[in-house]
Structure formats: structure tokens, C-alpha cells
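Laboratory data are not the source of any read-out in this text; all were calculated from the coordinates shown. Here the structure is a predicted model, which means the values were calculated and not measured. When we count neighbours, we look across all protein chains shown, and the Cβ atoms used for this are built from the backbone with ideal geometry, even at glycine.
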Amino acid sequence: MELRTTFNIDPSEQKISYNDPVMFIGSCFATYIGRKFESGHMPVMINPSGTVFNPASVLKTISRIISGESYELKDLNNFNGLWFSFDHYTDFSSETAEGTLSAINLKLNESRSFLSGTRFLFITFGTARVFRLKESGLIVSNCHKLPAINFTRELMSVNNIVISWNALLDNLKSLYPGLKVIFTISPVRHWKDGAHGNQVSKSVLFLAVEELLKHPSKPSYFPAYELIMDDLRDYRYYDEDMLHPSPKAIDYIWEEFSKCYFEKTTTELVQEIDRISKAMSHRIQNPYSGETRKFAENILAKIDLISKKAPEINLQNEKKYFLELIHRAS
């Protein structure tokens, strides 16, 4: 008896290799998958302005990267002794305006340069609800713990999302004709909206993406949400907060993602590098033993083999670590 409703994901015609820079922008789910790329030493940039959840904030992030317009003092605010930008996550906040601006503009320049060579841009929408600053009417990416009285909260309409994003897709197609845009809907539930409110929000996102997939640039869709809600469909695959997917669920989505976007050789290479990364975290009981030396030599041989097959992959830190193990064990 089959106790799950599974479905097939059509393999992407365009495959991601180690020569293809990839950018992830959106909710924390974008970070989950982006980190898998990082652990595999693949060229990736994740959320250059920090985690962003709604379509308006994601759009603003990309638009600012495209324009390259630097942030200035007038773009910052101060609260509880910290300077911050409403467009950025708290990681960019600092006790000085200079420090905040430096961090923001450095990342902005890096992301603009990275986007110019990016082959795949993954967009993850988390919610259709936005916070709008009463004073200016600005939609914020992060409230930075300001009192709720400073904001109004509203649900974006499908039409507004589609109009603004179609314009952005036009711009992306013109500037980066080789760029492939892939939309996803985050399976993370926004429970502060309530059960019904969360479903309403996700429904708006689904309807908007369905329209955006008709754009002439031919964006595509990866069913991350459906893998959690319709395939796994069990609280065993949620983290302790019962809202975010568990590591096991993320691993499962990563497997399906890999089948969709990687050639077999790329998947094998990612897995080999992952095993090397895990070997680095292996607890060495006796760093001076012959067994430790043999263990390190075995991993070094694998590193050398990967370096010959894929010289573009930088494994110098890993190589240095295992050479030091051998030196201590000698």
C-alpha cells in the first residue's frame, strides 16, 4: 500500500554545472538550498541584502543590484543605538552609520558583479503580506524590532505582483539575455497570519507566479512547496517549531533539486566534496596515530583526484587541513 502521494519533476533542459554561477534571493528557504551549493563549493551568492520574504522586497533587492546605486546616510535609520536599512537584514546593522553603509555598499558591488555572470537566478517568495512604514509609505524588508505602531500591514494583490515583476523580468531579459529565472514558493508557514491567513498569502503567490511563468523570457518553477506539502506531508519533516522544514526534509528537497538541475557527474562531484567536508569535522581521537595519517592520506588522494577532474574547484583549505594532520602524525 502506497502511503504517500508522490509526483515526478521534469528534469530541467538547462543544467547547472560548476561553471555556472547561481544566485538565490528570497525567504530563508533560499538560504537552505543556497548553503547546499556552498558546501559543494559551487559558485553561488545567497541573499545579498539578507533574507527577504515578500515579492516587493525581493524585487527591490534585484532592482538595486541592477542599478548599482549606492546607499547613503539618508537611506539609514537609527534605533536602539544601531544604524540600519529597512532594505536589509539585521546582519548589516552597526553602531556607526559608516560601518553600516560600508557593509551594505560592499555587498551591493559584489552582488552586481556576480549577477553580471550569473546563469541561474532562483527566486523564493515566502509571503504576500508586507509591512509598510506609516511615515513614508515604504514597504520594508525588515522591521528591525521597531514598535508595531510604526507600520501598517497589507496583503499584496496578484495584479500588483505580476505588473511589477513583469517589468523586472523585461529588464533582466534585456540586460542578461542568458539568465535563467526560476521561481519557488517557500514551504515555510507564516503562522502569525493564522492557518487561513497563511493559505491566503500562499495562494496569492501561486497565482502571481502562474502568470509570471507566461513571460517571454520563459522563467520556470521548482515545486519546493509541493514536495513538503504534498509529497512528504508529515510533521516528522518539520523542525521543532513545526513551521520550518527539518534538515531531513531539506536533504530530500535537495535530492530532488539535484535530479532536476544537475547532470549525474555534477551530483557525484557534489557528493564527493560533501564527504570531504564531513571528514574535516570528523573527531580525531589520536592525532599522532598511524590510523590518523592513513585517514588523512586517503582524503588527500580524493582531493587530488577532484582537483584533476575539476581544477576550477578550490579545495586548498581542505588540503591544508589534511596535510597538517599528516604532519602531526609523522
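Nearest 0.05, what FRET efficiency do GLU312 and GLU255 give at R0 = 22 Å with Cβ-Cβ as r?
Working: r = 24 Å, r/R0 = 1.10.
The computed FRET efficiency comes out at 0.35.
What is the sum of charges around MET229, taking Lys and Arg as +1, Asp and Glu as -1, for the other residues whose C-beta is under 13 Å from the C-beta of MET229?
Working: positive: ARG4, ARG189, LYS202, ARG233; negative: GLU226, ASP230, ASP231, ASP234.
Here the count lands on 0.
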Cross-link list LYS134/LYS192; LYS36/LYS248; LYS264/LYS309: which exceed 19 angstrom alpha carbon to alpha carbon? LYS134/LYS192
³J(HN,Hα), Karplus 6.51/-1.76/1.60, whole Hz, each residue of the range 142-159, x for Gly, Pro: 8, 7, 6, 6, 5, x, 4, 4, 7, 10, 10, 10, 8, 9, 5, 8, 4, 4
Could you work out the percent of alpha carbon pairs in the range 263-330 separated by over 21 Å, rounded to a whole number? 24
Need one number: nm distance between label points at GLU110 and LYS134, each 7 Å from Cα along Cα→Cβ, rounded to one decimal. 3.7
For the range 263-330: relative contact order, % (alpha-carbon pairs under 8 angstrom, 6 or more apart): 41
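How would you rank 63-72, 218-227, 21-30, 103-112, highest first, on the average number of other Cβ atoms within 10 Å across their residues?
Numbers: 63-72: 15.2, 218-227: 19.1, 21-30: 23.6, 103-112: 17.3.
Ranked by mean Cβ neighbours within 10 Å, highest first: 21-30, 218-227, 103-112, 63-72.
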Place a +1 charge on the Cβ of each Lys and Arg in the range 22-262 and a -1 charge on the Cβ of each Asp and Glu, then give the dipole magnitude about the Cα centre in debye, rounded to the nearest 20. 400
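Output the pairs from LYS60/LYS145; LYS107/LYS278; LYS107/LYS214; LYS259/LYS308 with a Cα-Cα distance over 23 Å in this structure; if there are none, say none. Spell out each step's value before the answer.
Details: LYS60/LYS145 21 Å; LYS107/LYS278 29 Å; LYS107/LYS214 32 Å; LYS259/LYS308 25 Å.
Result: LYS107/LYS278; LYS107/LYS214; LYS259/LYS308 exceed 23 Å.
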One finds, for HIS196 and SER289 with R0 = 41 angstrom and r their Cβ-Cβ distance, a FRET efficiency to the nearest 0.05 of 0.10
For the range 79-91, in residue order, the Karplus 3J(HN,Hα) values (coefficients 6.51, -1.76, 1.60; θ = phi - 60°; whole Hz; Gly and Pro = x) are 8, 6, x, 10, 8, 8, 10, 5, 8, 10, 6, 5, 4
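How long is the gain from GLU240 to LYS74 if the chain were fully straight, where each residue apart is worth 0.36 nm and the alpha carbon distance is subtracted?
Values: separation 166, 0.36 × 166 = 59.76 nm, distance 4.05 nm.
Working it through step by step, the gained length comes to 55.7 nm.
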A correct Karplus calculation of ³J(HN,Hα) over the range 38-52, with 6.51 cos²θ - 1.76 cosθ + 1.60, θ = phi - 60°, whole Hz and x for Gly and Pro, returns 4, 5, x, 6, 8, x, 8, 10, 10, 6, x, 10, x, 5, 10
